[in-house]
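What follows is a single structure, written as structure tokens, with notes after it.
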Amino acid sequence: ILCTFFFMKCFAFPMDSVETSDFLVDKLNKGFQNLNLNHKDRISMLPDSILSHILSYLPSKHAVATSILSTRWRYLWTFINVLDFDDSLFLCPYDPNTDKLSQKISFINFVHTVLTLNVSAVEKCSLKCSKSNIDVFQVRAWVSILLLRGVQEIDLCFPSSRNLSVEFVHGFYNLVHLKLGKRFVLNVPKSSVLFPNLKTLYLDSIEFRDNASAENLFGSCLVLEELYVEDCGFRNLKVFKVNNHSLKYMRMKCSFENENDEYNTEFCEYKVVINAPKLEHLEYVDYLAEGYSFKNLHLLQQVYIDVAFGRRTRRNVSKCVDELLKGICNIRVLQITTYTMEVFSYFGGCELPKFCNLTQLAVATNKYCGHLLPNLLDKSPCLESLIIHEGLARFEGSLGDFEWKPPPCVPECILNCLKKIDIWGFNGGDEVMNFIIYIMKRAEFLEEISTSPCMFDSEVISSSHN
């Protein structure tokens, strides 16, 4: 049974749910109870290193539970180097007779016992305290123990009071991966923290106390390569600054769809500043900021942009769009969405920057596309691939229908280098055919035009995000 569990995990069967883990542990216990004593227990004959590795795929609560199987298994869990603490496994929210305080104490005692008795060098620890309202000082004490044990990867999730700030202690020297969430205020005083080995930082639904907290955090990651900022709160910020000389991948996805989310950035007024000389890939999903300053992005290759207006009146829209586009004009791959096309349409009479290195452009379509697409093609002299990823179809509730407006002069890329066009949501309408005929008559190096049938709006959006 353990081997079955191991292979299911290796081959990516879903193992995340509590029900799945409970089922496996139950089967494990029954399996050992039903063993024929005349047969050898070959699983227990495996080396401790293999058995502890298999147990590391289980939540720590279930891994410790295997100690009742036999004397052979009694202390195997103490050699696990991957710990997974989840307070939801200790709580029964649907039982009205549940003593929440006793279950909270049980979870605290369990974590403390495991951290005390575990004798291995802990490589990874997931600590989720999202249900039991664990005190932040208790969480900090556990993190300090893990840091002293040389942990390299921490996934920390605990909501806290809106008025409570978290100041991290020294000792993060061995961390390689860090994930922080959810729903607490992050305060990082200057020179209070140092991550000399941190390569991946994931921030999920936290709020920065001030401009300095964000800047100090990112600046202290000396070898950071990947940064994820998901659904975070920016209402305390005037400038969101990422100044890091080792960063290669950055994803900034703000609370965009849920307008009732307290971390929704629709009415926030902040400027985005990025100084990352080694940045290669950028994904940016947010409402249009108050301004942009992109510096030293000479190695930037791929950019995904999904920006929208929202309900707040914005000043200097043309200036903001100009700053955004000029900061990424050296890229090779660009993907922009329906809302982004609408925002770019307010660029006014300003001249679009030239995308001299752009070889692949993916755009969404709406009533603004017919005016912007010719301009984008004209500013992309080396374009080889054009992808229309939200179709040319007429979608109910969309931002209008596609209308092709041929440019006065044929764009250089169409004449000299355009090789491939992909259209998702092809409906064969007059405007679509006019666009295709225009391209086919002038694109001497065109090798392929591929289309897919017209789809509903939700299906197209789902496909584009996948």
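Brief remarks on what is shown
- Total formal charge among the other residues, if their Cβ is under 12 angstrom from that of Glu351, Lys/Arg +1 and Asp/Glu -1: +1
- Local net charge near Gly327, Cβ-Cβ under 13 Å (Lys/Arg +1, Asp/Glu -1): +2
- Over 29 Å (Cα to Cα) - which of Lys182/Lys354; Lys104/Lys179; Lys278/Lys367; Lys354/Lys405; Lys319/Lys379 fall in this group: Lys182/Lys354; Lys278/Lys367
- 3J(HN,Hα) along the range 435-442, derived from phi through the Karplus expression 6.51 cos²θ - 1.76 cosθ + 1.60 where θ = phi - 60°, amounts to 5, 5, 4, 4, 5, 5, 6, 10 Hz, with x in place of Gly and Pro.
- Cβ-Cβ FRET estimate between Leu117 and Asn243, R0 fixed at 60 Å, reported to 0.05: 0.90
- Heavy-atom accessible area with a 1.4 Å probe sorts His62, His53, largest first, into His53, His62.
- Spacing of the two label points (7 Å from each Cα toward its C-beta) at Arg74 and Asn109, in nm: 2.0
- For the range 209-245 versus the range 263-294, the gap between their alpha-carbon centres in whole angstrom: 11
- Using the average count of surrounding beta-carbon atoms within 10 Å as a protection proxy, the listed peptides 111-121, 293-303, 379-389 rank, highest first, as 379-389, 293-303, 111-121.
- Rounded to the nearest 10 square angstrom, Asp84 shows an accessible area of 50 square angstrom against a 1.4 Å probe.
- Annotation: lysines with alpha-carbon distance below 17 angstrom to Lys420 (same-chain offsets under eight excluded): Lys441.
- Whole-Hz ³J(HN,Hα) from phi, Karplus 6.51 cos²θ - 1.76 cosθ + 1.60, for the range 287-296, glycine and proline x: 6, 4, 7, 6, x, 9, 9, 9, 10, 6
- Summing Lys and Arg as +1 and Asp and Glu as -1 over all other residues whose Cβ lies under 10 Å from the Cβ of Leu415 gives a net charge of -1.
- Summarising the amide proton neighbourhood of Lys354: residues at separation of 5 or more, or on other chains, whose placed amide H is nearer than 5 Å comprise an empty set.
- Extension gain for Leu415 to Cys382 (0.36 nm times residue separation, less C-alpha to C-alpha distance): 10.9 nm.
- When Met341, Met440 are compared by accessible surface with a 1.4 Å probe, the order from highest to lowest is Met440, Met341.
The values are calculated or read from the model by the stated rules, or taken from the named source; none is laboratory data. This structure is a prediction, so every number in the text was calculated from the model and none was measured. In this analysis, Cβ positions are derived from the backbone assuming ideal geometry, glycine residues included, and neighbour counts consider all displayed protein chains. All accessible areas refer to the heavy atoms of the entire protein, side chains included, with ligands and DNA or RNA removed. Shrake-Rupley method; radii C 1.70, N 1.55, O 1.52, S 1.80 Å.
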